[in-house]
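Chemist: Pasting a structure here, questions to come.
Values in this text are rule-based calculations from the coordinates and carry no lab data. The structure displayed is predicted, hence computed values, not measured ones. Here the Cβ positions follow ideal geometry from the backbone for every residue, glycine too, while neighbour counts run over all protein chains shown.
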Amino acid sequence: MQTLHLKVDPDNPNHKIIEIAAALIREGETVAFPTETVYGVGANGLDEKAVKRVFEAKRRPLDNPLLMHVMSWEQASSLVTGIREEVLLLVDRFWPGPLTLVAPANDRVPRVVTAGLSTVGLRMPDHRVALDLIKAAGVPVAATSANLSGRPSPTSAQHVIRDLNGRIAGILSAGTTGWGIESTILDVTRTPFTILRPGAVSRERLEEVLPGMIKAARPWTEVGGRLRAAHYRPDARVIPVKPGDKLAELAQAEAAKGKRVGVVVATQQELPTLADFVVVINGGPAEYGRRLYEIFREADSRKIEYLFMEIPEEKGLGVAVADRIYEAARR
Ligand code: AMP
Ligand code: MG
């Protein structure tokens with residue numbers, strides 16, 4: 001398949017180019033597009049055959065659901081039933097934005113989107129290109145990150161091209177994404193609302209809107225069960241290191257044995273002298289989140305064998321960053 005490359009200005013996308021991508025969606029084809037978190041790849045969410053193409057392009061197992069990307073709450077509410085009143089407060093505050101709401105699906109939602117679950121994840125991305133595309137297509141877009149299954153999420157059009165060129169019909173490219181880490185997934189089917197996956201909207205921010213009504217499901221990997229199989233893992237063995245532990249010493253010991261070692265430090269002052277790849281995060285968890293997947297890809301291309309990563313303090317956005325690091329370290 002020839003992938004159509006469509007370049008647009010992220011802040012003011014040319015509507016003729018958006019229309020080309022939207023026509024592909026309407027025809028049942030797959031298109032990659034930027035969001036405020038990572039690049040997504042999607043298809044007409046009401047067309048079962050089209051949705052299957054997303055799974056095929058990514059080699060994604062059919063038991064891992066996609067998210068319905070919408071351009072308004074009105075469009076979202078046409079896909080679900082039995083929404084609790086408090087949900088509207090969250091929508092008001094966080095949409096468009098990186099908060100996915102898991103709600104009871106109605107029968108307009110093809111089961112392939114939800115992998116057979118009775119609930120569907122809804123999200124309104126805070127990105128002009130994504131919103132314009134969904135609007136122009138006139139249908140909700142079932143989408144997920146635009147990487148091959150098991151690879152890190154793409155934070156630039158280059159990453160998408162590396163993974164999916166020739167496997168999808170089109171790509172809207174518009175530079176790098178903002179957050180770099182995926183949306184927060186919140187189950188609003190029962191109270192307290194439960195965070196199924198920590199993400200760009202922190203628990204603290206959700207609680208500002210609904211005090212005492214947000215539960216963090218821990219450990220995340222157990223809640224998701226099969227939903228969180230084999231994600232975000234570089235070739236290197238990832239070794240999470242607590243801020244107080246001696247990262248440099250641990251890394252140096254492996255390097256001394258002739259291993260190719262990478263280190264990512266946030267607060268630690270000491271660096272191993274023998275490391276092949278060194279990243280220093282100065283800007284806190286926001287910078288860590290933005291750079292995380294690029295670091296994984298870079299570690300792969302440098303053939304790093306052991307990647308020692310300092311865990312940020314687990315509050316605010318740090319919770320999501322720590323989650324992705326632990327996830328990458330799981331074998
Ligand atoms: P993303 O990785 O941002 O593309 O989001 C897809 C992920 O959302 C899936 O891998 C699941 O972990 C999660 N997800 C999607 N739909 C549901 C659902 N109905 N219930 C629980 N988790 C879901
Ligand atoms: Mg993904």
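Chemist: Pull up the DSSP beta bridges for the chain and report the antiparallel fraction as a percent, rounded to 5.
Modeler: Bridges in the chain that DSSP calls antiparallel: roughly 40 percent.
Chemist: Sticking with this one: Provide the net charge surrounding Pro312, with neighbours chosen by a C-beta distance below 11 Å and charges set as Lys +1, Arg +1, Asp -1, Glu -1. The partial results should precede the final answer.
Modeler: Details: positive: Lys242, Lys315, Arg324; negative: Glu287, Glu310, Glu313, Glu314, Asp323.
Counting the neighbours of Pro312, the net charge comes to -2.
Chemist: As a test, work out the antiparallel percent of DSSP beta bridges whose residues both lie in segment 1-127, rounded to the nearest 5.
Modeler: DSSP beta bridges in segment 1-127 are roughly 75 percent antiparallel.
Chemist: Write down the percent of antiparallel bridges among all DSSP beta bridges whose residues are both part of segment 63-215, to the nearest 5. Working shown, then result.
Modeler: Working: 12 of 21 bridges.
Of those bridges, close to 55 percent are antiparallel.
Chemist: Where does each of 15-25, 167-177, 308-318, 1-11 land if you order them by average Cβ count within 10 Å, highest first?
Modeler: Values: 15-25: 18.5, 167-177: 21.7, 308-318: 20.2, 1-11: 14.6.
With the highest mean Cβ count within 10 Å placed first, the list reads 167-177, 308-318, 15-25, 1-11.
Chemist: Would you mind checking the tilt of helix 247-256 against the longest principal axis of the Cα atoms of the chain, expressed as 0 to 90 degrees and rounded to 10?
Modeler: The two axes meet at around 70 degrees.
Chemist: From Cα coordinates alone, what are the radius of gyration and Dmax values for segment 1-137 in angstrom?
Modeler: 14.6, 46
Chemist: Lys215: which lysines have alpha carbons under 29 Å from its alpha carbon, excluding same-chain residues fewer than 8 sequence positions away?
Modeler: Within the straight-line cut-off, Lys215 pairs with Lys242, Lys315.
Chemist: Over segment 59-149, what lengths in whole Å, largest first, do the semi-axes of the equivalent ellipsoid take, defined as the square roots of 5 times the eigenvalues of the alpha-carbon gyration tensor? Each step should come with its number before you reach the end.
Modeler: On the way: eigenvalues 76, 59, 28 Å².
In descending order the semi-axes read 19, 17, 12 Å.
Chemist: Mind checking which of Phe55, Ile311, Ala157 is farthest towards the positive end of the chain's charge dipole, using Cβ charges of +1 (Lys, Arg) and -1 (Asp, Glu) about the Cα centre?
Modeler: Value: Phe55.
Chemist: Do the alpha carbons of any pairs in Lys135/Lys303; Lys7/Lys52; Lys49/Lys135; Lys52/Lys259 sit beyond 31 Å of each other, and which pairs?
Modeler: Values: Lys135/Lys303 42 Å; Lys7/Lys52 26 Å; Lys49/Lys135 21 Å; Lys52/Lys259 41 Å.
In this structure, Lys135/Lys303; Lys52/Lys259 lie more than 31 Å apart at Cα.
Chemist: So if each residue of separation counts as 0.36 nm, and I subtract the Cα-Cα distance between Asp107 and Lys215, what length gain in nm does that give?
Modeler: Values: separation 108, 0.36 × 108 = 38.88 nm, distance 2.84 nm.
Gain in length upon complete extension: 36.0 nm.
Chemist: Convex hull over the alpha-carbon atoms of segment 259-329: what's its volume per residue in Å³? Present the calculation step by step, with values, prior to reporting the outcome.
Modeler: Details: hull volume 5.2 nm³, N = 71.
Considering the Cα atoms of segment 259-329, their hull volume per residue is 74 Å³.
Chemist: Here is a further query. Nothing charged except the Cβ atoms of Lys and Arg (+1) and of Asp and Glu (-1): what's the magnitude of the dipole of the chain about its Cα centre? Round to the nearest 20 debye. Please list the in-between numbers first.
Modeler: Values: 43 positive and 40 negative charges, 192 e Å.
Computed charge dipole of the chain: roughly 920 debye.
Chemist: Rounded to the nearest 10 degrees, what's the angle between the helix 48-58 long axis and the longest principal axis of the chain, both from Cα atoms, 0 to 90?
Modeler: 20 degrees
Chemist: In segment 25-123, if the dipole is taken from +1 on Lys/Arg beta carbons and -1 on Asp/Glu beta carbons about the Cα centre, which of Ser77, Pro104, Gly42 is farthest to the positive end?
Modeler: After comparing all options, I get Gly42.
Chemist: While we're on this one: Once amide H atoms are built 1.01 Å from N in the peptide plane, which residues 5 or more positions from Val238, or in another chain, come under 5 Å H to H?
Modeler: Placed amide hydrogens put Leu307 under 5 Å from Val238.
Chemist: I'd like the orientation of helix 318-329 relative to the chain: the angle between its Cα long axis and the longest Cα principal axis, in ° from 0 to 90, rounded to 10.
Modeler: It works out to around 70 degrees.
Chemist: More than 16 Å apart: what percent of Cα pairs in segment 110-191 qualify? Kindly include the intermediate steps, with their values, before the conclusion.
Modeler: Working: 2081 of 3321 pairs.
In whole percent, the share of Cα-Cα pairs in segment 110-191 beyond 16 Å is 63.
Chemist: Turning to a different aspect of this structure: Per 0.36 nm of contour for each residue apart, how much would the distance between Thr273 and Arg93 grow if the chain were fully extended, relative to their Cα-Cα spacing? Show your work: numbers first, answer last.
Modeler: Working: separation 180, 0.36 × 180 = 64.80 nm, distance 4.69 nm.
Residue separation times 0.36 nm, minus the Cα-Cα distance, leaves 60.1 nm.
Chemist: Average the reciprocal distances over every distinct pair of alpha-carbons in the chain, invert the result, and give the Kirkwood radius in Å. Intermediate results must be reported in sequence, preceding the final value.
Modeler: Details: mean 1/r = 0.0495 Å⁻¹.
It works out to 20.2 Å.
Chemist: When you count, for each residue, the other Cβ atoms within 10 Å and take the mean per peptide, how do 137-150, 203-216 rank with the highest first?
Modeler: Working: 137-150: 23.1, 203-216: 14.7.
My ranking of the peptides, most packed first, is 137-150, 203-216.
Chemist: Follow-up. Could you tell me which residue out of Pro198, Pro10, Val31 lies farthest along the dipole of the chain toward its positive end? Charges go on the beta carbon: Lys and Arg +1, Asp and Glu -1, centred on the Cα centre.
Modeler: Working it through, the farthest residue towards the positive pole turns out to be Val31.
Chemist: Here is a further query. If you plug each phi of segment 122-136 into the Karplus form 6.51 cos²θ - 1.76 cosθ + 1.60 with θ = phi - 60°, what whole-Hz ³J(HN,Hα) values come out, in order, with x for Gly and Pro?
Modeler: Result, ordered by residue: 10, 8, 10, x, 9, 8, 3, 5, 5, 5, 4, 5, 5, 4, 5 Hz.
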